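One structure is given below, encoded as structure tokens.
The values are calculated or read from the model by the stated rules, or taken from the named source; none is laboratory data. Predicted model only: the values in this text are computed from it and were never measured. In this analysis, Cβ positions are derived from the backbone assuming ideal geometry, glycine residues included, and neighbour counts consider all displayed protein chains. Side chains are part of the model used for accessible areas, which takes the heavy atoms of the whole protein and leaves out ligands, DNA and RNA. Shrake-Rupley method; radii C 1.70, N 1.55, O 1.52, S 1.80 Å.
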Amino acid sequence: MPFWELQRQLGIDMDRWLLRQSMPQPYGKAAACHAFEREWVECGHGLGQTRARRECQPEYEDFMECMHRTKLAARLKTILEQRDKMIKEGKYTPP
């Protein structure tokens, strides 16, 4: 068939969005979130999409937190708000 390996022949990778961390990395080192992605993929392997979403939710959440750092950003925002509040009240002075 002429369309086999079409992505490779054209030099594009349409599947990159699915497994970003499993792609070849510069200098041959594993990506930062590779372990979390691997756990998520191994958990969902062989399950249907609906069942995998339900059973592999913790692994997926860990992977997304590693990729986007949303929980870390929310925590940092709370800490900074508390610091600003303490500065206004005069209980804390920055060094």
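Summary of values
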item	result
Any helices (runs of 4 or more DSSP H) falling wholly within the range 31-85 and containing at least 3 residues that are within 16 Å of the chain's Cα centre (by Cα) and among the hydrophobic types (A, V, I, L, M, F, W, C)	34-44, 57-68
Contacts under 7 angstrom Cβ, first residue in the range 68-93 being open to solvent by less than 100 Å² (accessible area, probe 1.4 Å), partner assigned to a helix (DSSP H, G or I), 6 or more apart	Tyr92/Arg83; Tyr92/Met86
